[in-house]
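Taken together, the values in this text are just the output of simple stated rules run on the coordinates, not laboratory data. Since the structure is predicted, the reported quantities are computational estimates derived from the model, not experimental observations. Note that each Cβ is placed from the backbone with ideal geometry, even for glycine, and that neighbours are counted across all protein chains shown.
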Amino acid sequence: MLKVREIVDILDAQVLVGEENLELEIYSGCGADLMSDVMAFVKESVILCTGLVNPQVVRTCEMMDIKVICFVRGKVPGENIVELAREMGITVLTTKHPLFITCGKLYDAGLVGKGVWD
Amino acid sequence: MSNQAITLHYDIDAVDFSAAGEASSGVKRTLNQLGVNPAVVKRIAIAMYEAEINAIIHAGGGAADVEITPERVEVKISDNGPGIPDLEKAMTAGWSTASETVRELGFGAGMGLPNMKRYTDDMKVESKVGEGTVVTLIVNINS
Ligand SMILES: Nc1ncnc2c1ncn2[C@@H]1O[C@H](COP(=O)(O)OP(=O)(O)O)[C@@H](O)[C@H]1O
Ligand SMILES: [Mg+2]
């Protein structure tokens, strides 16, 4: 388990919106650029790490009750994406690390890939 | 929840991809307001979102009709697109005719129809080549 605040530290990430979730506890992670792959695995208390940047990333998280998104490789989403996340109460992070390293660091720090329905 | 059915209708517009998912978002909000179990809401939301996206990326848009009763939610996503020539193939996990452009938008993993099946209690696909497709998704509220 990691708090969002710890994830921010581990990934040297920037919080673009959703400071209110910094104390939230995250148990598992999902790294994907295809949203249907994300939706194939329902997990609880998830962070989604992705290199895809469009509003559908936020929509996918909304449908799945995912509260934290981390955009990788230094990608910074546009204001429309940040705004949608704000509306949905979703925290948006951005890190310089690529997807593989991002997932590796979080796995190393104790997040799992296993979901409740796996 | 009262015993009366609630019906909702949404047009699914394919012109602005950034708006994709607004119908599913609206239904999710309504179900949350009605106090439906969050795990059940999540299953409906995911299945409907996949169907909404399909209507946009494969059929040029369509419509969503939703009926909510105390027992169940029925979502009908209909379009006048090209139809599905081989339904069995389409239902196969990983099978997709999506273009590279669609993949760049984060879709086209070929998991949409399998995901819909997985998250619903009942699912029906009616499709005629050259006429269109109607996908019906049913989730029991007390399941
Ligand atoms: N509404 C639709 N109209 C026409 N073809 C469709 C529709 N929905 C699905 N299909 C066909 O079925 C295939 C599989 O759909 P799906 O499992 O959602 O995967 P994906 O959308 O990622 O391709 C699609 O690639 C497409 O060929
Ligand atoms: Mg699909």
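Okay, here's what the table says:
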{"item": "Degrees, to the nearest 10: B:22-33 long Cα axis against longest axis of chain B", "result": "20 degrees"}
{"item": "log10 of Debye I(q)/I(0), alpha-carbon scatterers only, for chain B at 0.15, 0.17, 0.20, 0.22 Å⁻¹", "result": "-0.70, -0.90, -1.22, -1.44"}
{"item": "Relative contact order [Cα under 8 Å, 6+ residues apart], chain A, whole percent", "result": "34 percent"}
{"item": "Per-residue ³J(HN,Hα) for the stretch B:46-52, Karplus 6.51 cos²θ - 1.76 cosθ + 1.60, θ = phi - 60°, Hz, x for Gly and Pro", "result": "5, 4, 5, 4, 4, 5, 5"}
{"item": "For the stretch B:6-140, with +1 on Lys and Arg beta carbons and -1 on Asp and Glu, the positive-most of B:His9, B:Thr92, B:Gly130 along the dipole", "result": "B:Thr92"}
{"item": "Rounded FRET efficiency, nearest 0.05, which uses the C-beta distance separating A:Val15 from A:Phe100 and R0 of 22 Å", "result": "0.50"}
{"item": "Unit charges on C-beta of K, R, D, E only; dipole of the stretch B:18-92, Debye", "result": "300 debye"}
{"item": "Subset of A:Lys96/B:Lys117; A:Lys67/B:Lys124; A:Lys75/B:Lys89; A:Lys105/B:Lys89; A:Lys43/B:Lys28 violating a 29 Å alpha-carbon distance limit", "result": "A:Lys96/B:Lys117; A:Lys67/B:Lys124; A:Lys75/B:Lys89; A:Lys105/B:Lys89"}
{"item": "Hits among aspartates and glutamates - C-alpha to C-alpha of B:Lys128 under 16 Å, sequence gap 8 or more where chains match", "result": "B:Asp79, B:Asp86, B:Glu88"}
{"item": "Mean ellipticity per residue at 222 nm, deg cm²/dmol - from DSSP H runs of n ≥ 4 across chain B, formula -39500 (n - 2.57)", "result": "-10500 deg cm²/dmol"}
{"item": "FRET E, pair B:Glu131, A:Lys3, Förster distance 51 Å, beta-carbon r, rounded to 0.05", "result": "0.45"}
{"item": "Exposure proxy order (Cβ contacts within 10 Å, fewest to most) of B:Thr101, B:Thr136", "result": "B:Thr101, B:Thr136"}
{"item": "Rounded Å value of the spacing that divides the Cα centres of the stretch A:89-110 and the stretch B:84-143", "result": "31 Å"}
